[in-house]
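**Q** One structure, pasted below without further comment.
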Amino acid sequence: MSTTVAPETTEVQAPAQQWSGQSVPRKEDRRLVQGQGVFVDDIKRHGMGYIHFVRSPYAHAHITSIDVSKAEEIGGVYGTLTGEEVASLTDPFFQISSAPGAHLKDFALAVGKVRFVGEAVVAVVAETRGLARDASELVEVEYGPLAAVTDARHARDDGVPTLHEDAGGNLMWHGVYEWGDLDSAFKEADQIVRIDELHFHRFNSTPLECDGALV
C-alpha cells in the first residue's frame, strides 16, 4: 500500500506592480507619428474591390423593385448584391432576445422593406472606391412608402404600423427586474420619488471595437 505525501506549502511573493499609478510610456507612438501605422484602409491587394451601399431615403417602405443592370454594365464593376440574394445565401442574424424579438429575421441588407433612413439596400463592388460610388447611383430602386414609427411611446397605439411582422407587433421584449425586499425598502425609505416617465436618448453601452476585416 503506497502513501502519497503532499508537498510542503511554498509561499511565493507576488511581484510588485511597477505600472500601477505610474506614467507608462507608449510603445506605438513612434510609428504612428512617422506615418508608419497600418490600418485596414492601408492594406492593398491585387484585384481588390471596394464596396458602396445604396441606402434607403425612407424611414419605412416596401421595396417594390431593384434594377442593378446599368451599374453592372460599367467596366470595373465587379458585381452587386441585393437583400433577396443575401437572404438566399445566408441565415438571419442571431437575435439576442427572447420572444417576440427572437422571431425577427434580420439580414445584412434590407429584404422586402426598409425600416429606417439609411438602411443598406444594395451593395455595389468595384475596382475603386469612386467607381463603386458612381455605379451605385445607377441602381434603380422603387419604394412603396409606408407610415413611419417616430415615437416609441406610441409604437403600440391603434393604427401604428408594425415594423417587424415576424414579431407580431412593435413590442420586442418585456420584463420586470426585482431585487431584495422591495416593500420593506419603500417602507423604510426617508423619501420616495415618483416619476411618471423617463426618457433615454439613443445610446448603446457597448463600445466600438477597434478591428476590421479585409475580405
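**Q** Please go through segment 106-144 and pick out each residue that is assigned to a loop (DSSP other than H, G, I, E, B), crowded, with 17+ Cβ neighbours inside 10 Å and out of contact with any Gly (no Cβ under 8 Å at 6 or more places or on another chain).
**A** The answer is ARG115, GLU119, LEU138, VAL139.
**Q** In segment 56-105, which residues are closer than 17 Å to ALA126 by Cβ and assigned to a strand (DSSP E or B)?
**A** Listed by number, the residues that qualify are VAL77, TYR78, GLY79, THR80, LEU81, THR82.
**Q** Follow-up question, since we're still on this one. Give me the residue from segment 169-214 that is among the small types (Gly, Ala, Ser) and not in a loop (DSSP other than H, G, I, E, B) and, out of that set, nearest to the chain's Cα centre (by Cα).
**A** Only one residue fits best here, namely ALA185.
**Q** Moving on to the next point. Just to be sure before I move on: is ASP166 assigned to a helix (DSSP H, G or I), at negative phi and surrounded by 10 or more Cβ atoms within 10 Å (Cβ to Cβ) in the structure I sent?
**A** Yes; evaluated as a whole, the condition is true for this residue.
**Q** Any residue at all in segment 68-79 that's of a type outside the set (Val, Ile, Thr) and at positive phi? Give the steps one after another, and end with the answer.
**A** Taking segment 68-79 first, the residues of a type outside the set (Val, Ile, Thr) are 69-73, 75-76, 78-79.
This time we only want the ones that are at positive phi, so: 76, 79.
Checking segment 68-79: at least one residue is of a type outside the set (Val, Ile, Thr) and at positive phi.
**Q** Might you let me know whether segment 149-164 holds any residue that is in contact with a Gly (Cβ under 8 Å, 6 or more places away or on another chain) and touching a residue at least 60 places away in the same chain (Cβ under 8 Å)?
**A** Scanning segment 149-164 turns up no residue that is in contact with a Gly (Cβ under 8 Å, 6 or more places away or on another chain) and touching a residue at least 60 places away in the same chain (Cβ under 8 Å).
**Q** Would you check if there is a residue in segment 160-170 being touching a His at 6+ places or on another chain (Cβ under 9 Å), more than 30 Å from ASP41 (Cβ to Cβ) and polar (S, T, N, Q)?
**A** Step one: list which residues in segment 160-170 are touching a His at 6+ places or on another chain (Cβ under 9 Å), which gives 160-161, 163-164, 166-168, 170.
With more than 30 Å from ASP41 (Cβ to Cβ) added as a condition, the list becomes 160-161, 163-164, 166-168, 170.
Among the residues that remain, those that are also polar (S, T, N, Q) are: 170.
Checked segment 160-170: at least one residue is touching a His at 6+ places or on another chain (Cβ under 9 Å), more than 30 Å from ASP41 (Cβ to Cβ) and polar (S, T, N, Q).
**Q** Every residue in segment 148-163 that is surrounded by fewer than 17 Cβ atoms within 10 Å (Cβ to Cβ) and within 24 Å of the chain's Cα centre (by Cα), please.
**A** Within segment 148-163, ALA148, THR150, ASP151, ALA152, ARG153, ALA155, PRO161, THR162 meet the criteria.
No value in this document is a laboratory result; all are computed from the given coordinates. Only a predicted model underlies this, so the values are computations on that prediction, with no experimental measurement involved. Please note: Cβ atoms are built from the backbone with ideal geometry, for glycine as well, and neighbour counts cover all protein chains shown.
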